[in-house]
Amino acid sequence: MKLIVTRNYEEASTLAANYMAAQILMKPNCVLGLATGSTPLGIYHHLIKMYQDHRITFRSVSSVNLDEYYQLPPDHPQSYHHYMHSEFFNQIDIPADATHLPNALAEDPAQECRRYDRLIDHLGGIDFQLLGIGANGHIAFNEPSDDIPNGTHLVDLTESTIDANKRFFSSASEVPRKAYTMGIGSILRARKILLIATGTNKAQALQETVCGPVTPRVPASLLQLHGDTTILADREAAQLLDERNFHVN
Ligand code: F6R
């Protein structure tokens, strides 16, 4: 695991966007694994700017998203489908049929999970996976648990995740209780992983991810097993880490 600490959110977002742009330059037809939530918004903003400045193109890129709320229609303003299109896809040149998210409205969830796993395989696997991290250490919606889920599955969201995400809804009762998520196995099979953690509320989870035991009770700690993971953290998120062990940008 490589850890880079930046002065602030803006600097972490710029660096992360540069990593992703370099990935696209190295392999124009790469498969990007994408995340939603507040953290990646700065990255998407920078990537859109690079596209507008003709520095990168997404015309040969494919994408697979980490997760989607169960049964939230794609046009719902809080669906990840809607988020990805409005915050990113509609502002770049990625072909519409090259972007993929779990289908929240699929009639048969087990079949939908199999379809999503087959799709990732069919694309040749994920070249570059972007991750955020939950305050409870979750990655995608793999919540703390005693199991290490391999492929896509339907999860019950924890109260802490519902509480953290209620800011996007008019009340906690509107937050879906279930979500489709890629499994830990799908994430660990990505060839490169970039996790971005910013803000004081991620400090404990980041400390356990980097310094704690490898355990599905802290799903992000499993990234210690991955051969090419970089963590970009701002000073607030890195405040519980020993400064002697990393370089502050
Ligand atoms: C979203 C996702 C989640 C978020 C995490 C952090 O696709 O996979 O794991 O990355 O909940 O969310 P923010 O960035 O809103 O703090």
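Search the range 212-230 for residues that are of a type in the set (D, E, K, R) and pair each with any residue that is in a loop (DSSP other than H, G, I, E, B) and surrounded by 15 or more Cβ atoms within 10 Å (Cβ to Cβ) when their beta-carbon atoms are under 7 Å apart and the residues are at least 6 apart or on different chains.
Arg217/Pro144; Asp228/Arg191
Looking at Arg217, Arg177, Arg189, which is the one that is under 16 Å from the mean Cα position of the chain (by Cα) and charged (D, E, K, R)? Spell out how you get there, then give the answer.
Details: Arg217 fails: under 16 Å from the mean Cα position of the chain (by Cα); Arg177 fails: under 16 Å from the mean Cα position of the chain (by Cα).
Matching residue, one of Arg217, Arg177, Arg189: Arg189.
Every residue in the range 26-39 that is open to solvent by 40 Å² or more (accessible area, probe 1.4 Å), of a type outside the set (Ser, Thr, Tyr) and either outside any loop (DSSP other than H, G, I, E, B) or within 15 Å of the ligand (Cβ to nearest atom) (or both), please.
In the first step, residues of the range 26-39 are kept if they are open to solvent by 40 Å² or more (accessible area, probe 1.4 Å); the result is 26-29, 38.
Narrowing the set further to residues that are of a type outside the set (Ser, Thr, Tyr) leaves 26-29.
Correct list: Met26 only.
For the range 40-55, what are the residues that are of a type in the set (A, V, I, L, M, F, W, C), surrounded by fewer than 22 Cβ atoms within 10 Å (Cβ to Cβ) and within 12 Å of the ligand (Cβ to nearest atom)? Walk me through it before giving the result.
First pass over the range 40-55, keeping only residues of a type in the set (A, V, I, L, M, F, W, C): 41, 43, 47-48, 50.
Of the ones still in play, those that are also surrounded by fewer than 22 Cβ atoms within 10 Å (Cβ to Cβ) are 41, 48, 50.
Listed by number, the list holds a single entry, Leu41.
Name the residue, out of His76, His82, His46, that is touching a helix residue (DSSP H, G or I) at 6+ places or on another chain (Cβ under 7 Å) and under 25 Å from Leu157 (Cα atoms). Full working, then the answer.
Values: His82 fails: touching a helix residue (DSSP H, G or I) at 6+ places or on another chain (Cβ under 7 Å); His46 fails: under 25 Å from Leu157 (Cα atoms).
One residue alone meets the criteria, His76.
Among the residues that make up the range 95-111, is at least one of them farther than 25 Å from Lys49 by Cβ, crowded, with 21+ Cβ neighbours inside 10 Å and within 16 Å of the ligand (Cβ to nearest atom)?
So far as the range 95-111 goes, yes, one or more of its residues are farther than 25 Å from Lys49 by Cβ, crowded, with 21+ Cβ neighbours inside 10 Å and within 16 Å of the ligand (Cβ to nearest atom).
Right, Thr181: within 12 Å of the ligand (Cβ to nearest atom), without any contact (Cβ under 8 Å) to a residue 40 or more places away in the chain and open to solvent by less than 70 Å² (accessible area, probe 1.4 Å) or not? Working first, answer last.
On the way: within 12 Å of the ligand (Cβ to nearest atom): yes; without any contact (Cβ under 8 Å) to a residue 40 or more places away in the chain: no; open to solvent by less than 70 Å² (accessible area, probe 1.4 Å): yes.
Judged against the criteria, Thr181 is not a match.
Regarding the range 222-243, can at least one residue be identified that is at pLDDT below 95, out of contact with any Pro (no Cβ under 9 Å at 6 or more places or on another chain) and of a type in the set (D, E, K, R)?
There is at least one residue in the range 222-243 that is at pLDDT below 95, out of contact with any Pro (no Cβ under 9 Å at 6 or more places or on another chain) and of a type in the set (D, E, K, R).
Would you call Ser79 within 16 Å of the ligand (Cβ to nearest atom) and in contact with a Pro (Cβ under 8 Å, 6 or more places away or on another chain)?
On the way: within 16 Å of the ligand (Cβ to nearest atom): yes; in contact with a Pro (Cβ under 8 Å, 6 or more places away or on another chain): yes.
Spelling it out, Ser79 is indeed within 16 Å of the ligand (Cβ to nearest atom) and in contact with a Pro (Cβ under 8 Å, 6 or more places away or on another chain).
Mind telling me which of the residues Ile126, Ile133 ends up being within 17 Å of Val218 (Cβ to Cβ), in contact with a strand residue (DSSP E or B) (Cβ under 7 Å, 6 or more places away or on another chain) and modelled with pLDDT of 95 or more? Outline the logic, then answer.
On the way: Ile126 fails: within 17 Å of Val218 (Cβ to Cβ).
Selected residue: Ile133, the only one of Ile126, Ile133 that is within 17 Å of Val218 (Cβ to Cβ), in contact with a strand residue (DSSP E or B) (Cβ under 7 Å, 6 or more places away or on another chain) and modelled with pLDDT of 95 or more.
With open to solvent by less than 50 Å² (accessible area, probe 1.4 Å) and within 16 Å of the ligand (Cβ to nearest atom) as the only criterion, which of Phe58, Phe89 stands out? So that I can check it myself, show each step before the final result.
Values: Phe58 fails: within 16 Å of the ligand (Cβ to nearest atom).
Residue meeting the stated conditions: Phe89.
For the range 152-178, name all the residues that are surrounded by fewer than 18 Cβ atoms within 10 Å (Cβ to Cβ) and of a type in the set (Gly, Ala, Ser).
Restricting attention to the range 152-178, the residues satisfying the condition of being surrounded by fewer than 18 Cβ atoms within 10 Å (Cβ to Cβ) are 154, 156, 158-160, 162-163, 166-174, 177-178.
Scanning the range 152-178 gives Ser160, Ser170, Ser171, Ala172, Ser173.
Report yes if some residue within the range 13-25 is without any contact (Cβ under 8 Å) to a residue 12 or more places away in the chain, within 16 Å of the ligand (Cβ to nearest atom) and open to solvent by 20 Å² or more (accessible area, probe 1.4 Å); otherwise report no.
No, the conditions are met nowhere in the range 13-25.
Look through the range 184-202, keep the residues that are away from the ligand (no atom under 15 Å from the Cβ) and either among the aromatic types (Phe, Trp, Tyr) or over 30 Å from Arg7 (Cα atoms) (or both), and return whichever of them is surrounded by the fewest Cβ atoms within 10 Å (Cβ to Cβ).
Gly185
Any idea how many residues of the range 122-147 are more than 16 Å from the ligand (Cβ to nearest atom) and of a type in the set (A, V, I, L, M)? Please lay out each step first, then the result.
Initial filter on the range 122-147 (more than 16 Å from the ligand (Cβ to nearest atom)): 122-125, 127, 146-147.
So of that shortlist, the ones also of a type in the set (A, V, I, L, M) come out as 123.
Of the residues in the range 122-147, 1 are more than 16 Å from the ligand (Cβ to nearest atom) and of a type in the set (A, V, I, L, M).
The values are calculated or read from the model by the stated rules, or taken from the named source; none is laboratory data. Quantities reported herein were computed from a predicted structural model and do not represent experimental measurements. Positions of Cβ are generated from backbone atoms using ideal geometry, with glycine treated the same way; all protein chains shown enter the neighbour counts. We work out accessible area using only protein heavy atoms, side chains counted, and drop any ligands, DNA or RNA first. Shrake-Rupley method; radii C 1.70, N 1.55, O 1.52, S 1.80 Å.
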